[in-house]
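Chemist: To start, I am sharing the structure in question, which I have written as structure tokens.
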């Protein structure tokens with residue numbers, strides 16, 4: 001039987017995975033991790049906080065809409081600003097709720 005990865009783990013990129021591995025190998029010590037990376041403790045803490053938010057966004061119970069989940073992950077990862085993510089989700093919901101698609105509007109895909 002094939003084992004499927006949890007959604008939160010699928011949202012983690014290779015760089016995040018390496019960070020998690022180093023975090024585990026440092027026994028969860030942010031101070032040791034900061035020293036290993038050669039960066040400040042607050043920088044490591046901020047990165048861990050972003051990773052936690054990303055995992056929560058990926059695992060969030062709620063709409064199963066893949067686009068909304070992706071936007072929430074991108075916001076949590078800091079790839080797009082929160083206000084832009086909110087606007088994208090609102091626009092997507094408006095589009096979905098009207099039931100319109102480009103094909104229905106006669107536009108090219």
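All of the numbers you see were taken from the coordinates with simple rules; none came from a lab. The structure displayed is predicted, hence computed values, not measured ones. In this analysis, Cβ positions are derived from the backbone assuming ideal geometry, glycine residues included, and neighbour counts consider all displayed protein chains.
Chemist: Ignoring everything except DSSP H segments at least 4 long, calculate the 222 nm mean residue ellipticity for the chain; use -39,500 (n - 2.57) per segment, divide by total residues, nearest 500.
Modeler: Working: 6 runs with 71 residues, N = 109.
When only DSSP H runs of four or more count, the value is -20000 deg cm²/dmol.
Chemist: Compute the helix-to-body angle for 82-98: its Cα long axis versus the longest principal axis of the chain, expressed 0 to 90° and rounded to tens.
Modeler: 30 degrees
Chemist: Turning to a different aspect of this structure: How many nm is it between the label spots at residue 83 and residue 48, if each spot is 7 Å from the Cα in line with the beta carbon?
Modeler: Between residue 83 and residue 48, the label points sit 3.1 nm apart.
Chemist: Report the far tail of the P(r) of the stretch 8-98, meaning the percent of Cα-Cα pairs longer than 21 Å.
Modeler: Every Cα pair in the stretch 8-98 considered, those over 21 Å come to 39 percent.
Chemist: Averaging sequence separations of C-alpha pairs under 8 Å and six or more residues apart, then dividing by the length of the chain, give the relative contact order as a whole percent.
Modeler: Dividing the mean separation by the residue count of the chain yields 21 percent.
Chemist: Could you work out how far helix 41-59 tilts from the main Cα principal axis of the chain, as a 0 to 90 degree angle to the nearest 10?
Modeler: Roughly 40 degrees between the two axes.
Chemist: Starting from the 7 Å offset along Cα-to-Cβ, what nm value, one decimal, do you get for the label separation of residue 27 and residue 39?
Modeler: Going from the residue 27 label point to the residue 39 one covers 2.4 nm.
Chemist: Using only Cα atoms, figure out Rg for the stretch 48-97 and give it as a multiple of 2.2 N^0.38 Å.
Modeler: Computed over Cα atoms of the stretch 48-97, the ratio equals 1.10.
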